[in-house]
1. Output the residues belonging to the range 168-183 that are in a helix (DSSP H, G or I) and either touching a residue at least 40 places away in the same chain (Cβ under 8 Å) or under 19 Å from V251 (Cβ atoms) (or both).
2. Of the residues in the range 283-308, how many are buried (at least 23 other Cβ atoms within 10 Å of the Cβ) and within 14 Å of ligand 3 (Cβ to nearest atom)?
3. Applying the selection to the range 149-167, what residues are in a helix (DSSP H, G or I) and either surrounded by fewer than 16 Cβ atoms within 10 Å (Cβ to Cβ) or of a type outside the set (V, I, T) (or both)?
4. Which one of these is of a type outside the set (D, E, K, R) and touching a residue at least 40 places away in the same chain (Cβ under 8 Å): G299, G271?
5. Scanning the range 49-72 for residues that are of a type in the set (V, I, T) and away from ligand 2 (no atom under 16 Å from the Cβ), which turns out surrounded by the fewest Cβ atoms within 10 Å (Cβ to Cβ)?
6. Go over the candidates I86, I75, I46 one by one and state the one that is of a type in the set (V, I, T), surrounded by fewer than 20 Cβ atoms within 10 Å (Cβ to Cβ), under 17 Å from L216 (Cα atoms) and within 15 Å of ligand 3 (Cβ to nearest atom).
7. What's the total number of residues in the range 61-91 that are more than 16 Å from ligand 1 (Cβ to nearest atom) and not small (G, A, S)?
Amino acid sequence: MTTGGEMVIFDDEEDFKREKLNAGKWAKVIFDIKDFDSRLIDRALIGCAVEQYQWTTYQNLASKSNISETKEAFIRNGFEEEKHLIKIGSLIQPLIRSKSLSETDTIDSLMKQNTVWLETAIITEVAEFAQVEAHQIAKDVLDHLLLDHMTHASIIASAFADEIDVSKIVDGRYHLQEGRPLQDQMAGVKSVVRQYYNRLKVGIETKVRIHTIISLETYILSQYQNFLKLITDERLRELYATICAVEADHVSMLNSLIDPSEPALELAITGELAEIYNHKRSMRLADKKIETPFKDAFGEDLEHLQILADIADDLGIVELINRIPVDIPAPEPSLTIDGYITELIASHG
Ligand SMILES: [Fe+2]
Ligand SMILES: [Fe+2]
Ligand SMILES: [Fe+2]
């Protein structure tokens with residue numbers, strides 16, 4: 001990471017307006033991922049989640065900033081996150097245009113399939129992250145989430161086994177089984193709050209992993225809430241509302257890990273790193289035909305990181321900039337998802 005101590009010169013007003021005039025094109029569904037790797041759908045969902053979350057981060061930063069140049073930088077970056085969200089989302093939306101869909105699918109069944117995709121994305125990501133997580137409290141939280149989501153996925157899959165073909169979504173990546181029983185997921189507020197880490201001592205990898213999962217959990221919660229607005233089936237409404245109650249705890253649990261003395265700017269930098277690493281992993285999986293949304297977002301997120309580093313430098317937060325790593329390698333877990341979950345269930349049993 002290079003820092004010159006000079007503010008990055010932003011594109012002028014005309015460029016910003018021109019970008020907006022192009023907004024309609026971002027949502028153009030150009031790609032068909034029907035035949036692509038299921039792992040890429042996970043990455044696209046996680047991509048949407050980190051982009052959505054980073055947009056909110058910039059809104060918060062902008063509302064707290066009293067320097068007009070900095071405020072404009074946050075607003076501009078936030079606008080680009082919105083663009084990234086729509087571009088990456090266009091790979092998998094409307095709903096998830098995947099190999100699991102058939103001509104006769106109804107909106108209800110599309111939403112049911114969608115939730116299995118979301119559950120699968122978080123299960124595969126958390127199972128990898130938890131295995132390589134060195135911070136014990138963070139690892140415990142990840143394990144906790146994994147067991148809950150295993151249950152959510154298997155309840156949805158078994159409840160609607162006659163309507164949706166879950167095997168095409170799970171795609172041999174893991175075996176559906178209950179983790180923690182649903183009634184045991186209704187915890188008291190004291191057990192939600194965990195000991196936060198020390199921002200100066202914790203590894204940046206841990207921060208990025210936790211940030212990625214906070215983004216994903218927040219995204220999943222909002223998806224369930226949106227589905228609740230659309231579905232009429234009583235059984236489904238009850239299930240989704242119950243899952244929402246658990247998801248809200250997951251978000252709180254993860255947020256309680258964050259050091260309260262962490263500057264907002266540092267959180268934004270962590271958010272950029274979460275975006276950058278996700279897009280990088282996506283680009284490795286995507287072939288030429290569909291890599292554009294990830295590549296575009298990756299390039300602009302690197303610029304965002306530089307802008308934040310420059311602002312941090314201007315504010316004299318040098319320590320923060322020195323901690324930005326050049327790269328964080330993708331996790332290389334030693335166990336399969338099933339292998340890890342079996343171990344986890346045995347140790348919690
Ligand atoms: Fe982005
Ligand atoms: Fe969750
Ligand atoms: Fe960004």
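1. K168, I169, V170, L182 - these are the residues of the range 168-183 that are in a helix (DSSP H, G or I) and either touching a residue at least 40 places away in the same chain (Cβ under 8 Å) or under 19 Å from V251 (Cβ atoms) (or both).
2. Restricting attention to the range 283-308, the residues satisfying the condition of being buried (at least 23 other Cβ atoms within 10 Å of the Cβ) are 286, 293-294, 297, 301, 304, 308.
This time we only want the ones that are within 14 Å of ligand 3 (Cβ to nearest atom), so: 293-294, 297, 301, 304, 308.
Number satisfying all stated conditions: 6.
3. Our first condition is that a residue be in a helix (DSSP H, G or I); within the range 149-167, this holds for 149-159, 166-167.
Within the range 149-167, H149, M150, H152, A153, S154, A157, S158, A159, S167 qualify.
4. On the way: G299 fails: touching a residue at least 40 places away in the same chain (Cβ under 8 Å).
Checking each option against the conditions leaves just G271.
5. Of the residues in the range 49-72, the ones of a type in the set (V, I, T) are 50, 56-57, 67, 70.
Checking the rest, the ones that are also away from ligand 2 (no atom under 16 Å from the Cβ) come to 56-57, 67, 70.
On the way: T56: 14, T57: 23, I67: 11, T70: 20.
Looking at residues that are of a type in the set (V, I, T) and away from ligand 2 (no atom under 16 Å from the Cβ), I get I67.
6. Details: I75 fails: under 17 Å from L216 (Cα atoms); I46 fails: surrounded by fewer than 20 Cβ atoms within 10 Å (Cβ to Cβ).
It is I86.
7. Kept after step one, since they are more than 16 Å from ligand 1 (Cβ to nearest atom), are these residues of the range 61-91: 63-72.
Still in the list and also not small (G, A, S): 64, 66-67, 69-72.
Qualifying residue count for the region: 7.
Since every read-out is calculated from the coordinates, none of them should be taken as a lab result. Predicted model only: the values in this text are computed from it and were never measured. Counting neighbours? That spans all protein chains shown, and the Cβs are built from the backbone with ideal geometry, glycine included.
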